[in-house]
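To start, the structure under review is shown below, and the notes come after it.
The values are calculated or read from the model by the stated rules, or taken from the named source; none is laboratory data. Remember, it's a predicted structure, so these values are computed and weren't measured experimentally. Glycine gets a Cβ as well: all are built from the backbone with ideal geometry, and neighbour counts include every protein chain shown.
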Amino acid sequence: MRGGQGEAVELLPRQEAANPDKPDNTGKAPLLLAAIYEQGSVVKQLLDRQEADPERSDHRDISPLIEATYGGYGSVVEQLSNRQDVNPDKPDNEGMTLLSRAAMQRHKQFVKQLLDRRDVNPDKPDKDGRTPLYPASTANLPQVWIPPIPATILVD
């Protein structure tokens, strides 16, 4: 940010009167928003406050750790995943775990870090019965868009 804006924004998480765990109308608390926008220094400041819940999800059951992994924000993922009060195996609204999301996004480093942990189940299925191996098995396939068949071709 320019003109000291970043420094001004970083002052807010330090204020005792500012509730670091108060969500907006979509359920997003400041920690989740900081994770979404890769604001590593703000994430650190919020995590330093006891009131900020690092597991607080929004209305879609998306946690800060899932958002940071989905975005590929390594420093934020590292800050969150190294905490004892964060469950890396907690599923989101689609039943996908952090490992499934990391595999789907092709984040090899995150997948390796997660597989090194004892509290991550590499065989935990999502709501469709797909385990983290499912997105990993399609990771090398090109992203190809197949156009729909026009309705006129379907009718004789």
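Structure above, values below:
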item: Failed item in (1) assigned to a loop (DSSP other than H, G, I, E, B); (2) within 19 Å of the chain's Cα centre (by Cα); (3) modelled with pLDDT under 85, with Pro135 passing the rest; result: (1)
item: Residue pairs meeting the criteria (Cβ under 6 Å; at least 6 apart or on separate chains; first over 16 Å from Pro91 (Cβ atoms), in the range 104-124; second small (Gly, Ala, Ser) and surrounded by 19 or more Cβ atoms within 10 Å (Cβ to Cβ)); result: Phe110/Ala102; Val111/Ala102; Val111/Ala103
item: Residue identified as in contact with a Leu (Cβ under 6 Å, 6 or more places away or on another chain) and buried (at least 17 other Cβ atoms within 10 Å of the Cβ) among Leu32, Leu80; result: Leu80
item: One residue from Val86, Val111 being within 27 Å of Gly40 (Cα to Cα) and either modelled with pLDDT of 90 or more or touching a Gly at 6+ places or on another chain (Cβ under 6 Å) (or both); result: Val86
item: Selection from the range 59-93 of residues that are over 18 Å from Gln113 (Cβ atoms) and either without any contact (Cβ under 8 Å) to a residue 12 or more places away in the chain or touching a helix residue (DSSP H, G or I) at 6+ places or on another chain (Cβ under 9 Å) (or both); result: Ile62, Pro91, Asp92
item: Residue in the range 56-63 that is assigned to a loop (DSSP other than H, G, I, E, B), among the acidic types (Asp, Glu), within 20 Å of Asp21 (Cα to Cα) and over 13 Å from the mean Cα position of the chain (by Cα) present; result: no
